Amino acid sequence: GAGVSQSPRYKVAKRGQDVALRCDPISGHVSLFWYQQALGQGPEFLTYFQNEAQLDKSGLPSDRFFAERPEGSVSTLKIQRTQQEDSAVYLCASSRTGYSSYNEQFFGPGTRLTVL
Amino acid sequence: KQEVTQIPAALSVPEGENLVLNCSFTDSAIYNLQWFRQDPGKGLTSLLLIQSSQREQTSGRLNASLDKSSGRSTLYIAASQPGDSATYLCAVVETSGSRLTFGEGTQLTVNP
């Protein structure tokens, strides 16, 4: 179907607020990834799901960050008690298979989070 | 830890020039390397994916090569156009996992 979609596209939060970012992967894609991109930098890995299983969360910067994909499709990245350093673009990507040998990842437009 | 470096950080060329963007990575144990394009305020568009067993991939005016043993990849853009202006990112997937490790990108400007 359509590409990866993310919502909201822009989010402004006051320091200390909780936020939830949504990702709809390409239909049928097994793998889903979250990345964080600071201004002027390349994206950095946060976490990876294969279906509903979170196989790697080593990139999550603190325990304020939590991600889930309960039915193996839509995923939500939640940030609790937001801090100014959380301001970034959050990118979601999906890939067709769970095998890394051919793991072309397709990215959504991102959610730009600004914490005031 | 895998590190990906892209040179140059920025490049400005006149329309019609052929150009080369460089990417290097420190750990050659990779599954594949992917080149992306990012327009301002937008997500990433996949351009080319080269599997570790391949030496190059081509799509239209784009050609990407991979020398895994030396940890290098190049993206060649032929007959550049103003519409090619964007940031180009390379990224690798290591054999130890599924994540992409990105370089910081090359910001390309093609002047009419």
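Have a look at A:Arg112, A:Arg81 and point out the one that is over 18 Å from B:Thr45 (Cβ atoms) and modelled with pLDDT of 95 or more.
Checking each option against the conditions leaves just A:Arg81.
Would the range A:6-24 turn up any residue that is of a type outside the set (Lys, Arg) and out of contact with any Ser or Thr (no Cβ under 9 Å at 6 or more places or on another chain)?
no
Among what's in the range A:19-37 and is outside any strand (DSSP E or B) and in contact with a strand residue (DSSP E or B) (Cβ under 7 Å, 6 or more places away or on another chain), pick the residue that is surrounded by the fewest Cβ atoms within 10 Å (Cβ to Cβ).
Ranking the candidates gives A:Val30 first.
Only one of these is closer than 21 Å to A:Leu39 by Cα and touching a residue at least 40 places away in the same chain (Cβ under 8 Å): B:Ala9, B:Ala78, B:Ala29. Name it.
Criteria check complete, one pass: B:Ala9.
I want to confirm something. Restricting to the range B:58-92 and keeping residues that are under 21 Å from A:Glu44 (Cα atoms) and of a type outside the set (Ser, Thr, Tyr), which single residue is surrounded by the most Cβ atoms within 10 Å (Cβ to Cβ)?
For the range B:58-92, the residue satisfying everything is B:Cys90.
Tally up the residues in the range A:67-95 that are touching a Gly at 6+ places or on another chain (Cβ under 7 Å) and basic (Lys, Arg), please.
1
Take B:Arg55 and tell me if it is of a type outside the set (A, V, I, L, M), closer than 20 Å to B:Gln107 by Cβ, without any contact (Cβ under 8 Å) to a residue 40 or more places away in the chain and exposed (fewer than 14 other Cβ atoms within 10 Å of the Cβ).
no
Could you tell me which numbered condition A:Tyr99 fails, if it satisfies all but one of (1) at pLDDT 95 or above; (2) surrounded by fewer than 15 Cβ atoms within 10 Å (Cβ to Cβ)?
(1) is the only condition that A:Tyr99 fails.
Go through the range A:66-96 and count every residue that is within 14 Å of chain B (Cβ to nearest Cβ) and in contact with a strand residue (DSSP E or B) (Cβ under 7 Å, 6 or more places away or on another chain).
The total comes to 9.
The values are calculated or read from the model by the stated rules, or taken from the named source; none is laboratory data. Remember, it's a predicted structure, so these values are computed and weren't measured experimentally. Cβ coordinates were reconstructed from backbone atoms using ideal geometry, including for glycine residues, and neighbour counts include every protein chain displayed.
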